[in-house]
Each structure stands twice: as structure tokens, then as C-alpha cells.
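Peer 1: To start, I am sharing the structure in question, which I have written as C-alpha cells.
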Amino acid sequence: MSLEDLEKQLYSARQQQAGEKKTGEKKIPAEETPVQAPSASSWRAEDVKEFGLEGKKKSNFKKMFFTGGTVIILLSIVVGGAFFFLKYFTTPKDVSVEIYGPNEIYRGVPFEVTVQLTNEINSSLEDAKILLSLTPGIISLEETGGTNRNMLIDTIGNLGGGSLTKRSFKLLSVGDIHSVQKIIAEVSYRTGGRASFQVEKSKEVSISDSAITLEIKKPEQILAGSKFDVEVNYQNVSNFDFPDVVLQATYPASFQFDSASTPPSSLNNYWRLGELKSGSKGSIQIKGSLDVASRGPSNIPFAISADFLEKNYPVNEQLASLSISPSPIFVQITPNGKEDYIAKMGDEITYVIAYRNDSGIALQDVVLKAQLVGDLFDFKTLSSNGAFDSLTGTVTWTASKIPGLRLLEPGGSGEVEMRIKLNQYYQIRRPSDKNFVLQVNAQIDSPTVPASFSAEKTSALVTKETKVMGVVMVDTQALYRDPGAGIINMGTFPPKVNRPTQFSIHWILKNYITDVKNVEVRGSLGSGVKWIGLVKSDAESSPIYNDRTQEVVWNIDKISATRGILSDPLEAIFKVEVTPNVTEVGQYKELLGKTTLTATDDFTGIDMTNSDTSVTTNLIDDKTVRPEDGRVVQ
């Protein structure tokens with residue numbers, strides 16, 4: 001029997017029983033009705049027989065069936081709502097970004113990466129942008145117009161649903177070899193005018209090696225003062241053709257450049273090699289020496305670089321460490337008997353060059369040369385027992401002049417000398433004509449080489465530099481008529497007894513060769529001379545008068561070189577008044593005593609002095625009067 005038929009029979013039976021109770025049974029009051037818990041025995045036998053106990057169990061099953069359905073419907077609503085929330089209020093998971101490019105690169109070689117943005121959702125992406133961030137070992141070669149080469153922004157705009165776009169970027173590796181660099185692509189966008197979302201992807205790139213190799217060949221031991229060769233070999237081991245390559249060396253102060261197999265493009269350490277194709281190679285030999293005073297290792301860094309976007313980027317660097325052995329020949333240059341001699345214009349300098357054989361073996365056919373370098377030398381005044389070459393400014397001594405140079409025994413020594421004057425004046429042509437240095441290069445060599453050294457000859461080279469101090473001058477002038485300064489002096493001329501007459505005093509300063517500082521100009525007024533003032537100056541300071549000492553003092557912080565040579569001199573003007581007495585009739589009246597100037601040379605640190613004689617009423621600088629008219633009259 002089906003469940004539906006069972007329910008119909010049960011329903012009919014209950015209706016029939018209810019009808020019988022209404023017609024045949026006496027109604028029992030509620031308070032008299034006994035309360036009794038139902039039990040299985042209370043079921044009528046016919047009910048059990050007809051429906052059985054399973055009828056109740058089947059009714060419970062139906063309730064559970066409807067309850068379970070309700071739960072399932074509620075769960076469906078919750079899951080659907082969560083899906084709706086995730087879809088519209090969180091970052092979509094179906095917008096992706098990928099970075100495609102090499103995993104390993106050469107340093108100095110441009111490469112390309114591609115950023116791919118995929119939109120698999122139905123709605124469009126709005127205002128999409130790619131922000132490409134690079135670690136310091138990678139820079140962009142894109143023409144962005146910005147200065148930050150480690151960050152790029154590329155605007156995509158709108159991207160329709162189910163589509164993708166790609167952007168390519170040109171990059172350059174400049175980081176250390178064997179380093180790992182990172183490229184980060186962050187994509188930002190909006191959907192349907194809502195808040196912005198971001199998707200990010202990163203890629204690691206390894207810099208395996210330099211695209212251009214550098215190999216430095218050098219002697220294991222170098223004689224101080226002896227010439228030696230350094231060979232620089234380079235090769236492009238990448239597949240990239242470099243359009244413009246540069247090689248640069250940084251010499252220590254002790255290195256003296258002599259020559260190179262390929263002439264430098266600039267100075268003596270810069271070579272523009274031009275195009276270097278894949279597999280191409282080249283070599284440059286540099287000849288030079290290290291000063292005999294040098295001790296310990298001296299390093300020469302070499303760097304090769306390439307030009308991109310009109311800027312130079314490094315490709316490879318190598319360090320040449322030079323191990324110096326003391327020179328077997330000692331050489332020393334002494335000017336005017338002092339190691340720290342400071343020269344001045346017009347000086348006569350005696351250079352003494354001393355030498356000694358410290359090699360332990362006899363040196364044959366020794367040649368000693370001294371080259372004078374400097375515009376201030378007056379070569380016409382040079383005197384020496386060596387042979388002089390005026391084209392190169394070099395004096396040479398051989399055994400024909402110094403017999404001891406034919407065979408210089410171990411421990412043997414000697415000295416030569418030469419005298420030369422400096423020019424009294426030098427023609428200053430530009431502001432850079434200052435801070436002059438006199439240079440003498442002395443070189444001694446012999447074809448005899450000790451067995452412990454691998455060299456073509458035994459030689460030593462030493463350089464002596466001598467600074468030249470500046471020249472600052474003061475010129476004192478007295479004028480009666482001074483229209484050029486716009487000054488009118490009162491009184492009579494010639495000066496008369498007991499009658500006051502005014503005069504203008506000019507201090508004119510000229511300086512050249514070096515800058516000077518802490519300048520002081522000082523002078524005392526003559527007896528019976530009165531300070532009037534009316535001071536003028538074209539410096540930041542002006543003369544000051546001390547009436548207790550009757551001194552006029554002018555202090556100036558600094559005067560640049562070439563002041564008064566290429567530009568107007570510094571000048572200060574002040575007025576004085578003289579009233580001669582009867583004892584001075586027929587004499588010139590002193591207006592200002594001796595003027596002294598003191599200063600410190602900013603280049604050499606030497607204290608400098610200069611002076612000018614006293615000025616009187618003879619007025620030798622005033623062209624409007626005769627000097628003899630300056631005598632005092634009655």
C-alpha cells in the first residue's frame with residue numbers, strides 16, 4: 001500500500017471514531033477525566049493492526065524532509081549572497097598580470113621585458129595603468145623625460161572584458177655581476193566606477209657577467225722611477241653590438257704617464273673606442289713610471305663603459321695593483337738649498353741634483369737629465385756644465401762632462417747643479433694665470449740591470465715642484481688738483497706759511513700671481529698734517545684714522561689675483577690739510593710717511609710685505625703742477 005493510500009485510510013478511521021463519540025458516549029467533565037500518559041498498550045489493537053507503529057515513524061520522516069529542504073534553501077541564499085559580495089566588493093581574481101623576459105642577462109647589455117595584462121571578467125577595466133619598479137641594478141632606457149630611471153608608468157586606459165594587452169620596456173643592467181635584481185609590475189584599475197584595485201607580479205633577473213671583459217697585464221715588480229708597461233685587453237663576449245665604448249684609467253698621484261699605443265682621446269687617461277661589435281676585441285699598452293718617493297702598492301682602476309641615451313653607463317671595472325720595488329738609484333733635487341723653498345718673481349735658483357748607486361752592482365754609462373718646466377723660467381739666464389736643449393728645456397750630463405758617470409760603483413754618488421733666473425714680470429692674459437709652480441724632472445738611467453729585476457734598463461725618475469709666491473704692490477700718490485676723483489682741494493699752491501692747503505692721498509693696490517688675504521695698508525701723517533677725511537674706496541672697506549697715533553689703516557679681507565692687471569686696481573682716497581710753519585720755508589712738506597703693506601699669500605701661505613716711499617708737496621704724480629712749486633713759501 002502506498003503512503004498516500006495509508007494516509008487516506010487513517011484519516012477516514014479517525015473521522016468515523018469522532019462521529020461515534022459525539023452520538024454514543026457520555027461526556028465526562030474535565031475535572032473528572034483521569035490523566036494518563038500514553039503508552040504503546042493504549043493503542044487499540046485494530047489501530048496497530050491497521051496502521052502499525054511505523055505510521056508514527058513515517059510522519060517524523062516527513063517533518064525531517066521538509067526541514068532539510070528549508071535548510072538547503074537558506075544555505076543557497078547565503079552562498080549566493082557571499083558570491084555576490086565577493087564578486088562586486090572584493091578584488092577580482094580573474095584579472096592577471098605576467099612578466100616575460102630573460103632570467104639571466106649580461107651587465108651593460110640592453111634587454112626587453114613584456115608585461116601582459118589579461119581581463120577575463122565580463123566588465124571593462126577602466127583607467128588601467130602599469131607601474132614598473134626596478135631595483136638599482138636595472139635602469140630604464142625608455143624616453144620618458146624623467147630623471148628616475150628605476151620607475152616607469154605606462155597608461156593603458158580601458159580594457160574590455162575577455163581581452164588582454166601587452167607592453168614592452170627596454171631596460172639596461174648596470175648592477176654588480178652575480179647579483180639578483182627584481183622587476184615589479186603593479187597594475188591598477190577600476191571596474192564600474194567603484195574603488196581601485198591592484199594586481200602585482202614580480203620577476204627576478206640574474207646578472208651573470210660583464211658583457212665586455214677586461215684583462216690587465218702588468219709586471220710583478222716595478223722599479224720606482226723606471227718605466228713599465230701596463231697592457232689592457234678587452235673583448236665583447238655578448239651578442240650585442242655596442243655603438244660607443246669608452247675606456248678610462250684613474251692614475252695615482254705618483255704615476256707619470258709617458259705614452260700609449262693608442263693615443264688618448266682626452267688628457268692621458270681617456271679613450272673613446274667607438275663601436276665594439278659582438279666578439280670584437282682590442283688592446284692598449286700604457287707606458288709610465290712611478291715616482292721614486294712612492295712606497296707600497298699603487299693601484300690603477302680601469303673602467304670600460306658604453307653610451308646610451310647620451311649618457312655613459314659602466315660595463316666592467318678592473319683594478320691593476322702595482323707592487324713597487326725601491327729604485328736601485330737614489331735621486332734628489334734641492335732648489336737653493338731648501339726642500340721647501342718658495343720662489344718669487346726675479347729670483348735666481350740654483351738646483352742641485354744628487355744621485356747615489358744603491359743597486360749593489362756597478363752601473364755603466366750612466367746618463368742624467370733634468371728638464372725645467374714652467375713659463376716663469378728665463379731660459380736665457382741658464383748656466384750649467386751639462387748640454388742644454390732649449391726646445392725641450394732639458395740639461396743632459398754624461399761621462400763626457402762627469403767622468404764618474406762612466407762607471408758608477410756600488411754606493412758611488414755625486415751631484416750636478418744648474419742656475420737659472422725667473423722672469424721679473426709675467427704677461428698675465430687670463431684670470432686663470434695664477435698659482436704658478438716651477439717643475440724640474442730629473443731622470444737617471446743605465447743599461448746595466450740587476451739580475452733580480454726584469455727591465456730594459458735601470459732608471460729612476462723624480463720630480464721637484466716649487467711654488468711661486470704672488471706679488472702685491474701699493475702705490476701712494478698725493479694730488480693738489482684731483483678732478484678725476486671729483487675732489488676739490490682748498491688752499492693755495494705753492495703752500496704758504498700759516499695758510500692751510502688741502503691735498504688728496506691715493507692708495508692704489510695691484511696684485512697678481514696669487515690671491516692674497518688679510519691685507520693691511522698703513523701710513524702715518526706728517527708733522528702738522530691734519531686728517532680731513534672725505535674717504536672714498538672701491539673695496540668693501542675704507543681707511544680708518546687713529547688720531548692718537550696719527551696713523552691711517554686700511555684692512556682688506558682678500559684681493560684676487562690679476563686685480564689691477566686684468567681689472568681696475570683697488571683704490572682708496574682720503575684728504576689731509578697742511579699748514580706750514582716759518583721754519584719750513586723753501587722745503588717740501590711731508591704729507592704722509594712711508595706706506596707699508598702686509599698680506600698672506602693664499603697659495604703658499606707665506607707672509608708678504610710691500611711698501612712705498614713717503615709723499616711730500618713736490619707732488620710728482622700731479623701733472624697739473626711743477627714739482628719745484630711744492631716748496632713752502634713765505
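Peer 1: Take Leu152, Leu125, Leu319 and order them by how many other Cβ atoms sit within 10 Å, fewest up front.
Peer 2: Leu319, Leu152, Leu125
Peer 1: For Glu98 and Asp538, calculate 0.36 nm times their separation in residues minus their Cα-Cα distance, and state this gained length in nm to one decimal. Before the final figure, lay out each step's value.
Peer 2: Numbers: separation 440, 0.36 × 440 = 158.40 nm, distance 7.19 nm.
Working it through step by step, the gained length comes to 151.2 nm.
Peer 1: What is the local net charge at Leu405, summed over the other residues whose Cβ is closer than 13 Å to its Cβ (Lys, Arg +1; Asp, Glu -1)?
Peer 2: Working: positive: Arg356, Lys369, Lys401, Arg406; negative: Asp365, Glu409, Glu415, Asp445.
Local net charge: 0.
Peer 1: Right, another one. Compute from the Cα atoms of the stretch 329-467 the Rg and the Dmax, the latter being the longest Cα-Cα distance, and quote both in angstrom.
Peer 2: 16.5, 53
Peer 1: Still on this structure: Computed FRET efficiency, Cβ-Cβ of Lys182 and Ser560, R0 56 Å: what is it to the nearest 0.05? Write out the running numbers ahead of the final one.
Peer 2: Numbers: r = 53 Å, r/R0 = 0.95.
My answer for the efficiency is 0.55.
Peer 1: Quick one: 3J(HN,Hα) in Hz for the stretch 384-401, Karplus 6.51/-1.76/1.60 with θ = phi - 60°, rounded, Gly and Pro as x.
Peer 2: After applying 6.51 cos²θ - 1.76 cosθ + 1.60, I find 6, 8, x, 8, 9, 10, 6, 5, 9, x, 10, 9, 10, 10, 10, 4, 5, 9 Hz.
Peer 1: Viscosity 0.692 mPa s, temperature 37 °C: what is the translational diffusion coefficient of the stretch 246-311 from Stokes-Einstein with a Kirkwood Rh over Cα pairs, rounded to a whole number of µm²/s?
Peer 2: Numbers: Rh = 13.6 Å.
So the translational diffusion coefficient is about 242 µm²/s.
Peer 1: Binning at 5 angstrom from zero up to the longest distance, how are the C-alpha pair distances of the stretch 109-166 distributed in percent?
Peer 2: 4, 15, 24, 21, 14, 11, 8, 2, 0
Peer 1: Also, quick follow-up: If Lys and Arg each add +1 and Asp and Glu each add -1, what is the summed charge of the other residues whose beta carbon sits under 14 Å from the beta carbon of Glu317?
Peer 2: Details: positive: Arg107; negative: Asp176, Asp209, Glu215.
Taking every other residue near Glu317 into account, the sum is -2.
Peer 1: Count the net charge of all other residues whose Cβ sits under 9 Å from the Cβ of Leu382, scoring Lys and Arg as +1 and Asp and Glu as -1.
Peer 2: Summing Lys and Arg as +1 and Asp and Glu as -1 gives +2.
Peer 1: Take the stretch 438-503, compute every pairwise Cα distance, and split them into 5 Å bins from 0; I just need the percent in each bin.
Peer 2: So the P(r) values, bin by bin, are 4, 11, 11, 8, 7, 6, 4, 4, 4, 5, 4, 5, 5, 4, 5, 5, 4, 3, 1.
Peer 1: Share of Cα-Cα pairs in the stretch 471-630 beyond 20 Å, in percent?
Peer 2: When all Cα pairs of the stretch 471-630 are counted, 49 percent exceed 20 Å.
Peer 1: To continue, here is another question. If the viscosity is 1.567 mPa s and the temperature 4 °C, what translational diffusion coefficient in µm²/s does Stokes-Einstein give for the stretch 211-325 when Rh comes from Kirkwood over Cα pairs? The partial results should precede the final answer.
Peer 2: Details: Rh = 14.7 Å.
Result for D is 88 µm²/s.
Peer 1: Ok, one more. Give, in nm to one decimal, the length gained when the segment between Leu164 and Ser567 is fully stretched (0.36 nm per residue of separation minus the Cα-Cα distance).
Peer 2: Using 0.36 nm per residue and subtracting the Cα-Cα distance, I get 138.0 nm.
Peer 1: If you don't mind, another one. Give the calculated FRET efficiency between Asp209 and Asp389 to the nearest 0.05, with a Förster radius of 60 Å applied to their Cβ-Cβ distance.
Peer 2: In this case the efficiency is close to 0.70.
Peer 1: Taking each pair of distinct Cα atoms in the stretch 102-209 once, what is the resulting Kirkwood hydrodynamic radius in Å?
Peer 2: One decimal place: 14.8 Å for the Kirkwood radius.
Peer 1: Same structure again: Ranked by Cβ crowding within 10 angstrom, fewest neighbours first, how are Val373, Val366 ordered? Can you show the working numbers first?
Peer 2: Values: Val373 15, Val366 26.
With the sparsest Cβ surroundings first, the list reads Val373, Val366.
Read the figures in this text as sums done on the coordinates, not as results from a lab. Predicted model only: the values in this text are computed from it and were never measured. Backbone-built Cβ (ideal geometry, glycine too); neighbour counts: all protein chains shown.
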